[in-house]
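To keep things clear, I will list the structure first and then write my remarks on it.
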Amino acid sequence: MSPLSLRGLTKSYGGQRVVDGFDLELEPGRCHGLLGPNGAGKTTTLRLALGLIEADAGTLELLGHALPAEAKLARRRVGVVPQVDSLDPDFTVAENLQTYGRYFGLSAKTIAERIPALLDFAGLAGKADAPILTLSGGMKRRLTLARALVNDPDLVILDEPTTGLDPQARHLIWQGLRRLIAQGKTLLLTTHFMDEAERLCDVISVIDHGRVIARGSPRELIAGHIEPHVVEVFGEGLDEWKACVSGLCRRCEQAGETLFCYTDDPEKVVAELEAAPGLRYLHRPANLEDVFLKITGRDLRD
Amino acid sequence: MYTLDSRLRGNDVMNWFPVWRRNFLVWKKLAGPSLLGNLADPMLYMLGLGYGLGALLPDVGGVPYLNFLAAGTLAYSVMNSASFETLYSAFSRMHVQKTWDAILNTPLDLRDVLLGELFWATSKSLLSGIAILLVIWVLGLYEDFALTLVLLPVAVLTGFCFAGLGLSINAVSPNYDFFLYYFTLAITPMVLLGGVFYPTTAFPAWLAAVAAWLPLTHAIELARPLILGQWPQGMLLHAAALLAYGMAGFVAALGLTRKRLLR
């Protein structure tokens, strides 16, 4: 059984289709990513998937329950890490977990037994009695993750789990998420960070304008959508150099002061660059960000 | 996997309780100052006006002014407590702390959240009523002790009424400043027209007709006779009116909050 199955999902606000024929079938025990620019419909899709809002059209099934009719029942087995911090500032770390566990109908005893392991998992051992106001941003985020696990969910839904965190804190969250995947939990996360999606996700759905425009593993997406090598070129004399290089690479794209040369044969481009000492360059393998920018465009979304 | 069987076992009727309990546990941490606030403001009104103004006045409705004022203070205090809780405090939880959003991600739904808030505000306002009742007992501002016990259910009904109304205002409020409209346009007129400080018998007919519709009037029509040693006239009507206002407010709150948070 698929932990979450969305078919033909449509949702409009004020005549604008925010979700437009969206399909998604999660595989148990894997990490799924929703990648898309601002306003692509990521958060709306998650809210639909939790049965919080009703779709205009389409069928949804969450852990074997039809939504929205059986949403409350289905949510018993789901953990959610929301985008915006919603910890209870009046409670301590442990009180936050206790209070949240009670919303799932768990007994005080069950929750108390789970708290040490949850704190351990979140790297918050010894912080049980700390007030929320004394926690750093990273600690709060980890506590929010621990809170989402208080009901021992089968599916964990995370909306931009590492936005606003420093690199150290992000790595700690990633570590935790990988442990969840190893435990066999299914993950569904949205993110703006390509490296995050590349590191964590088994399957990535790139979405734009409310529909899936590409899907696959990070490697599949890169292999299927883009040339294997990228040479980024910037510096004095770029405009003159640009004219003579176009034959050497399959695709060139200029963004601001940088020229992105996508190619199967980077040696030729690099050799050409050696002859232009005013230019600086960076040769790297193509990554998910290149795919993302290619298929969603470089225009700013607000 | 949950089967139909476990669905039937789920005690849906009490789903609001964890929400009530969350608010109670937060309140417990600051119970001291909170109780003092519940008590100090209405006490000062009652004692200041009761003794100060009372000294200048002949008996009002056959009793000393302080005794007359006691019922009004009780209803006013319960109303204020329920209103503040469902406006400022509930707004913080809904809009600022996103507590409601967090709860909605669990098996609880918006009805559970709002019922929890409704019952919590009712409980808290009952506490305000009890605080005033203690003062009434200590100062002996009553005729028949047994009848003053009926003030407890009156406080519950009054709290319920204003909690329901307050939640509906909370649902449409863009910010804290908005509540000032409610206090200026609804609460203050009620205090002045509902008979808190003086009997409304001297009002011209049209003003009396307006006053008769106000929720606070119904609360005072119940509370005042009970303190003066009589069973209220039209008791069921007044009780039903409070209940109806509260329920209408709650139903509106549910619809409007759903529109606000879940669309």
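Only the coordinates and a few stated rules stand behind these numbers; no lab work does. Computed from a prediction, not measured in an experiment: that's the story for all the values here. Cβ atoms come from the backbone with ideal geometry, glycine included; neighbour counts cover every protein chain shown.
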## Note on the structure
For the stretch A:227-285, averaging the sequence separation of alpha carbon pairs under 8 Å that lie six or more residues apart and dividing by its residue count, the contact order in percent is 51 percent
### Query
If you count, for every residue in A:264-270, the Cβ atoms of partner chains within 10 Å of its Cβ, what is the mean?
0
### Query
How much length is gained if the chain between residue A:295 and residue A:258 is pulled fully straight, taking 0.36 nm per residue apart and subtracting their Cα-Cα distance, in nm to one decimal?
11.4 nm
### Query
Where does helix B:151-172 land angle-wise versus the long Cα axis of chain B, in degrees 0 to 90, nearest 10?
50 degrees
### Task
Between A:145, A:165, A:62, find the one with the highest GNM mean-square fluctuation for chain A; connect C-alpha pairs within less than 10 Å.
A:165
### Message
Relative contact order of chain A, please, whole-number percent, based on alpha carbon pairs below 8 angstrom and at least 6 residues apart.
### Response
20 percent
### Message
So the label point goes 7 Å from the Cα of residue B:212 along Cα→C-beta, right? Which residues of the stretch B:224-247 then have their backbone N under 17 Å from it?
### Response
B:233-242
### Query
Among the DSSP beta bridges whose two residues both lie in the protein assembly as shown, what percent are antiparallel, rounded to the nearest 5?
70 percent
### Message
Test of understanding: what is the full-extension gain from residue A:125 to residue A:163, defined as 0.36 nm times their sequence separation minus their Cα-Cα distance?
### Response
11.3 nm
#### Entry: Residue among A:156, A:270, A:231 with the largest mean-square fluctuation in a Gaussian network model of chain A, springs linking Cα atoms under 10 Å
A:270
### Query
On a 0 to 90 degree scale, rounded to 10, what angle separates helix B:17-29 from the longest Cα axis of chain B?
60 degrees
### Summary
Rounded to 0.05, the calculated FRET efficiency for the beta carbons of residue A:202 and residue A:250 at R₀ = 22 Å is 0.15
### Task
Go ahead and set up a Gaussian network model of chain A, Cα springs under 10 Å, then flag whichever of A:244, A:261, A:252 fluctuates most.
A:244
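Pairs of Cα atoms under 8 Å, at least six residues apart: use those to get the relative contact order of chain B, whole percent. Don't skip to the end; give the middle numbers.
On the way: 331 pairs, mean separation 64.6, N = 263.
The normalised contact order for chain B reaches 25 percent.
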### Message
I'd like the FRET efficiency for residue B:243 and residue B:185, computed as 1/(1 + (r/R0)^6) with the beta carbon distance as r and R0 of 25 Å, rounded to 0.05.
### Response
0.60
### Message
Need one number: nm distance between label points at residue B:149 and residue B:96, each 7 Å from Cα along Cα→Cβ, rounded to one decimal.
### Response
4.1 nm
